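Some notes on the structure that comes next.
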Amino acid sequence: MSRSRSPPKDMRGRWKDKISQLHPFLGARVEGVDLAEVTKEEILSTFAPLLEEYGILLFPKQQDLSPQVFLNFMKSFPDVDLEELARAKNPFAQGDPSCLPELPTVRALGNLTSDVALHRGATPELNQMGTEWHTDGCGITGLFAAQVPGGGEVKRTTIWANGYHAWEILDDQMKQKALEMKLHFGPKHTMEASVAEIYRRGGRMSPNGLKLMELVAKEQLTAEELRRREEQTNPRRYLPFHGSPVRRHPFTKRHTLWTMPVFLESGEGMTVEEARDSLEQVLLPGTSRLAAYVHEWSPGDFVLWDNRSTLHSATEVTDAPQLMYQAFLRTKTPMGPAGEDM
């Protein structure tokens, strides 16, 4: 399959007049789309290039969207690993109870006060960690707002940052430092679980979401959880991130920052504390308030993003019924190493 490239604005099909930019550095809003009716050809010719160009796409007013429909939409994007999907592999933490029994690659994110009919047999999970910058891996993620707090000042928000921009605004000294980092990631200081569970067991990030400040102690784990932590029984979650946080997008060939600070275990030639401080310094400019896009969710919002070119984070939770569906699909082509042409 040939790769799509961003077409001229007058070649964006029937939505060409309904596309607007969300933020100076990333994101596009696309109005008037029924995801159930979009053809695979339109995805390849229009939406895949748009995602490559903008990093995140917002499709508002999708009130009747089901998890199966948006999963089918995502499956039509180029380079998605359909073989892994057919094996019913769960890309999230092992044994995650928030995954839908009928669709184990889709999670229910929210609280138990949300509409029970929306749970679909899963146990919804609400991440109370707050800000925790990361990428889900080499792939694309979709998040659909089935129920969100409404009215007044109570909002549910998620934030994104452009990994390309985060790299480009570093000065030469910091770029060289980032390129030379040899970092190792895994659950040794946390656990093999979702970030929400890590929070419940005592893990805490710094206020800016870039550095693990409090670990999950051994005493918080069962014997089986401790075994899974020490043996890293889910290596696909961590091993792709080993090395420098600077990578190349496999198709745009642009340099991007691509990492997951909560699982940073060590850095070669550094103490753990020095490694965490160094990664924080590299990520801080590109995740600042001015650089990031904050999305206020409305019911029916569907957001699709490219993890290979963006970082994202949840924010502080609100005390109101809420339920979202999340799907992550791995892509087959791995992230590339940083090149010499800076």
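Here the sum of -39500 (n - 2.57) over DSSP H runs of 4 or more residues, divided by the residues of the chain, equals -5000 deg cm²/dmol at 222 nm, to the nearest 500. Towards the positive end of the charge dipole of the chain, with charges on Cβ (+1 Lys, Arg; -1 Asp, Glu), say which of Pro104, Ala28, Pro49 has the farthest Cα. Positive-most Cα among the choices belongs to Pro49. For the listed residue pairs Lys182/Lys253; Lys177/Lys332; Lys155/Lys182; Lys40/Lys175; Lys16/Lys182; Lys182/Lys218, the alpha carbons are over 32 angstrom apart in Lys155/Lys182; Lys40/Lys175; Lys16/Lys182. Relative contact order of segment 199-274, taken over Cα pairs closer than 8 Å and 6 or more residues apart, is 22 percent. With the chain treated as a Gaussian network of Cα nodes joined by springs under 10 Å, which of Thr158, Thr190, Thr287 yields the largest mean-square fluctuation? Of Thr158, Thr190, Thr287, the most mobile in the Gaussian network model is Thr158. Given the choices (i) 18.4; (ii) 22.2; (iii) 17.2, mean projected area of the Cα convex hull in nm² derived from the coordinates of this structure is entry (iii).
Each Cα pair under 8 Å and six or more residues apart adds its sequence gap; the mean of these over the residue count of the chain is a relative contact order of 31 percent. Relative contact order of segment 230-342: 38 percent, from C-alpha pairs under 8 Å at least 6 residues apart in sequence.
Whole-Hz Karplus values for segment 185-199 come out as 10, x, x, 4, 9, 10, 5, 7, 6, 5, 5, 4, 5, 4, 4 Hz, taken residue by residue from phi with 6.51 cos²θ - 1.76 cosθ + 1.60 and θ = phi - 60°; glycine and proline positions read x. Solvent-accessible area assigned to carbon and sulfur over segment 188-342 amounts to 52 percent, based on a 1.4 Å probe. Count Lys and Arg as plus one, Asp and Glu as minus one, and take only other residues whose Cβ is under 14 Å from that of Gln322; the net charge is then -3.
The values are calculated or read from the model by the stated rules, or taken from the named source; none is laboratory data. Source: prediction; values computed, not measured. Neighbour counts run over all protein chains shown; Cβ positions are idealised from the backbone, glycine included. To get the accessible areas, we keep the full protein, side chains included, count just its heavy atoms, and leave off ligands, DNA and RNA. Shrake-Rupley method; radii C 1.70, N 1.55, O 1.52, S 1.80 Å.
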